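Worksheet: the structure to be examined is printed underneath.
The values are calculated or read from the model by the stated rules, or taken from the named source; none is laboratory data. Here the structure is a predicted model, which means the values were calculated and not measured. Neighbour counts are summed over all protein chains in view; Cβ atoms, including those assigned to glycine, are modelled from backbone coordinates with ideal geometry. The area values use the complete protein model at the heavy-atom level, side chains included, leaving out ligands, DNA and RNA. Shrake-Rupley method; radii C 1.70, N 1.55, O 1.52, S 1.80 Å.
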Amino acid sequence: MTNELKDHAELAEIFNKDEERVDWHDETLWWIRAKRDKSVHQIPEWEALRETASQIKNNVLSNLDKYLVQFEANAKANGIIIHWAADGKEHNKIVHDILTQHGVNRMVKSKSMLTEELHLNEYLMENGIDVIDSDLGERIVQLAKEPPSHIVLPCIHKKKEEIGELFHQYLGTPAGNADPQFLTETARHHLRETFLTRKVALTGVNFAIAETGEFVVCTNEGNADMGAHLADVHIASMGFEKIIPERKHLGVFLRLLTRSATGQPITTYSSHFSKPREGEEMHIIIVDNGRSVQLGREEFRNSLKCIRCGACMNTCPVYRRSGGHSYHNAISGPIGAILAPNLDMEKYADLPFASTLCGSCSNVCPVKIDIHDQLYKWRQVIVKNGYATTAKKAGMQVMTFTLSNPAVYHTGGKIGRWVMKHAPFAVNNKLNPWYKHRDMPTPPKESFGEWYAKNRKG
Amino acid sequence: MTVGLLIPCYVDQFYPNAAIACLELLEKLGVTVVYPKNQTCCGQPMANSGFEHLTHGCDELFVKNFAEFDYIVAPSGSCVLHIRDHLHDEANPEKAAHISSRIYEFTSFLTDVLKVQSLPAKFPHKVGVHQSCHGQRGLHLSSMSELVAPEFSKPGSLLKMVEGIEIVHLGRTDECCGFGGTFCVVEEAVSSKMGKDRVADHLEHGAEYITGVDMSCLMHMEGILRREGSKVKVLHIAEILNGVR
Ligand code: SF4
């Protein structure tokens, strides 16, 4: 991927070359945010629900060891086979081994951002396994050979005409037909065939219930069910933070999840899986992949409360204007920016800086993650660890500009000078990034300090 | 009551009228105001760039300058939020705590401490109000569109006291303007696009002036307005509340 060489600011700049597209992207996502607002304002107890969800998840994070063991025991008692994977490599190998055991080289997959994070598709392809993503959006980006740009709406960056073109190319639809209904119908037929011929289906997990050992998958298309029901083997991959203690807690989370995500009251399907059918197999792979490290970072652990609703992306003014791919990580947007540095601080050092810290993300988050505070805290950690490429660049870029009036703060010592030297709006210069799209403020005839000295006794 | 006036560096340098308006209005309201002239910066630009650990000197100076006052008032939500959340002085922890609990953004000082009921100001214009994020979401100066909670606005309640003013409604009531401190240069493309979009919302709804509690956001939008050749002006809210000079 070429993206890996560029940072968020550079990728965002490329995205912004096509302003009309930026407007379209911004408005599409804002429309979803507006739908979310409308729907949550119909629930007077919304804030109490968020608080409850947050506390349930805090409890989970503090007692994960117990809940995971409880979940494992109950799931096993139900006849589910449990695997533990420390990282992507282990996870992918477990999947591959299951496929090999059953002598199959094709698999259908649905609803799993986790497998994006673990690069399962690439791994299986290298091993000669054919994987079909059965979610419409994920199938579209798979056809386009792109990663998803959003955790809930993986192809939100694609216009319907572009999707029509992809379908024409790969699925033989007539050229120029971009009617969403027609395209969806085509995809359905195409996928139905896939469902009927795949023996192994992999799904994600939205909630894993410790009390009962069952798991819940939320979808709108019903394809997770279709895949799982038609296959002989169902593999479910879950990050270990997906645990909730009791079944009744679903009453909190299911109300929050889709209202936050798209403004729908609930997903069309909330499917409970508790045991394999006679003669079939059900596997759950419980994945760590850096989560236990994050759990150990006191300031960042509660990022693991995330239920992957995508609301923080939809509301983020930066995400809407830079696109998901500018985050060069499987999970984009504000939540991606606080999760990614845990996995690779150097590679993702730019992400916590891709924010104005406006705080809208924390306000929409259904589990009350203090996302923008964590962005601030990651900046401190990244600088202290010497990965401050972006921050340094900021300094470098503006260091070349000197202030017209640098002596003003002579009494203030080095701090005042630091600020004024770094003030990007201080000098009218073509090299100054500020000046590219913005004019400088006009310097007044006297500063406030000077006025004060003259007009008050000082 | 004696108030120490904190004036952010860029306001001092580029927007003295905003600072003068704060000073004058506070005086009119019977407050003794002192501007400690050795003040420099709250340290926020550094901290938000990840250099909080370098702000000790800045913090100590801040405590030296402001510890003696009953209240500290600043025409900036952003600086106040930073001091409230991050001021540390190991040698004088009580003084730092005193400051953190006594520092107010200008409009909330008027509504919450002085409990202002009326203002002798007149401003017969259409005005768009920009909600600066740090003031709004950080200091809770007004209700936020994301939350299910009663609506209120401290700056808005003061603007209502101004004769003849017409507040325009915006398409997006509290979207960020994209300034974001060093974000405005580090992420130049997104930052200026955010600024353009924010300004466009005000223009579409007929604003003649854009006002707000944070001069930094207004400076950003002014930069865009000027570049686009617009006649629409930015004014700090203190200037409107004090009666424009
Ligand atoms: S961080 Fe919060 S808002 Fe963002 S995806 Fe996770 S749960 Fe949703």
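For the range B:180-202, the set of residues classified as of a type in the set (A, V, I, L, M, F, W, C) and within 7 Å of chain A (Cβ to nearest Cβ) consists of B:PHE183, B:CYS184, B:VAL185, B:VAL186, B:ALA189, B:VAL190, B:MET194, listed by residue number.
Evaluation of B:HIS140 against the conditions (1) in contact with a Cys (Cβ under 8 Å, 6 or more places away or on another chain); (2) outside any helix (DSSP H, G or I) shows that the sole unmet condition is (1). In this structure, is B:GLU52 among the charged types (D, E, K, R), surrounded by 21 or more Cβ atoms within 10 Å (Cβ to Cβ) and within 9 Å of another protein chain (Cβ to nearest Cβ)? Yes.
Here's the yes/no breakdown for (1) within 27 Å of the chain's Cα centre (by Cα); (2) among the aliphatic types (A, V, I, L, M); (3) at pLDDT 90 or above; (4) open to solvent by less than 20 Å² (accessible area, probe 1.4 Å):
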| site | (1), (2), (3), (4) |
| --- | --- |
| A:ALA144 | yes, yes, yes, no |
| A:HIS150 | yes, no, yes, yes |
| A:GLY172 | no, no, no, no |
| A:PRO180 | yes, no, no, no |
| A:LEU191 | yes, yes, no, yes |
| A:PHE195 | no, no, no, yes |
| A:ARG198 | no, no, no, yes |
| A:THR212 | no, no, yes, no |
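Please determine whether any residue of the range A:120-134 is open to solvent by less than 40 Å² (accessible area, probe 1.4 Å), part of a helix (DSSP H, G or I) and touching a Phe, Trp or Tyr at 6+ places or on another chain (Cβ under 7 Å). Looking for residues that are open to solvent by less than 40 Å² (accessible area, probe 1.4 Å), part of a helix (DSSP H, G or I) and touching a Phe, Trp or Tyr at 6+ places or on another chain (Cβ under 7 Å), one finds none in the range A:120-134, hence no. Would you mind stating whether B:GLN39 is modelled with pLDDT under 95 and in a loop (DSSP other than H, G, I, E, B)? So B:GLN39 fits the description; yes.
Take B:CYS41 and decide whether it is under 17 Å from the mean Cα position of the chain (by Cα) and within 7 Å of another protein chain (Cβ to nearest Cβ).
yes
Only one entry of B:LEU81, B:LEU87, B:LEU110, B:LEU119 meets the criterion of being farther than 20 Å from B:HIS53 by Cβ and open to solvent by 10 Å² or more (accessible area, probe 1.4 Å), and that entry is B:LEU119. Within the range B:111-123, the set of residues being closer than 13 Å to B:LEU159 by Cα and touching a residue at least 60 places away in the same chain (Cβ under 8 Å) comprises B:VAL116, B:LEU119, B:PRO120, B:ALA121, B:LYS122, B:PHE123.
Taking A:GLY323 as the residue in question, decide whether it is within 13 Å of the ligand (Cβ to nearest atom), open to solvent by less than 10 Å² (accessible area, probe 1.4 Å) and within 26 Å of A:LYS158 (Cα to Cα). No: the conditions fail for A:GLY323. Checking the structure you have, find out if any residue of the range A:304-316 is more than 12 Å from the ligand (Cβ to nearest atom), modelled with pLDDT of 95 or more and not in a helix (DSSP H, G or I). No, that holds for no residue.
Yes/no matrix, rows are residues, columns are (1) assigned to a helix (DSSP H, G or I); (2) small (Gly, Ala, Ser); (3) modelled with pLDDT of 95 or more; (4) on the phi < 0 side of the Ramachandran plot:
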position	(1), (2), (3), (4)
B:ASP174	no, no, yes, yes
B:ASP197	yes, no, yes, yes
B:LEU203	yes, no, yes, yes
B:ALA207	no, yes, yes, yes
B:THR211	no, no, yes, yes
B:GLY223	yes, yes, no, yes
B:GLY229	no, yes, no, no
B:LEU241	yes, no, yes, yes
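Give me the residue from the range A:314-334 that is closer than 17 Å to B:LYS193 by Cα and of a type in the set (A, V, I, L, M, F, W, C) and, out of that set, nearest to the other protein chains (Cβ to nearest Cβ). Once the filter is applied, the top-ranked residue is A:VAL318. The range A:45-115 holds helices (runs of 4 or more DSSP H) entirely within its bounds, and those carrying 3 or more residues that are of a type in the set (D, E, K, R) and within 18 Å of A:VAL287 (Cα to Cα) map to A:64-77, A:88-101.
Taken as a whole, the structure leaves A:GLU221 outside the set of residues that are away from the ligand (no atom under 16 Å from the Cβ), of a type in the set (Asp, Glu), free of Cβ contacts under 8 Å to residues at least 60 places away in the same chain and away from chain B (no Cβ under 14 Å). Within the bounds of the range A:268-289, is there any residue that is within 16 Å of the ligand (Cβ to nearest atom), surrounded by 18 or more Cβ atoms within 10 Å (Cβ to Cβ) and in a loop (DSSP other than H, G, I, E, B)? No: zero hits. Tell me the helices (runs of 4 or more DSSP H) entirely within the range B:51-110 that contain at least 2 residues that are under 19 Å from B:PRO155 (Cβ atoms). So the answer is B:77-86.
Whether any residue in the range A:368-380 is more than 13 Å from the ligand (Cβ to nearest atom) and without any contact (Cβ under 8 Å) to a residue 12 or more places away in the chain is what I want to check. Checking the range A:368-380: at least one residue is more than 13 Å from the ligand (Cβ to nearest atom) and without any contact (Cβ under 8 Å) to a residue 12 or more places away in the chain.
Each residue in the range B:154-186 was checked for being within 16 Å of B:VAL199 (Cβ to Cβ), surrounded by 16 or more Cβ atoms within 10 Å (Cβ to Cβ) and among the small types (Gly, Ala, Ser), and 2 of them qualify.
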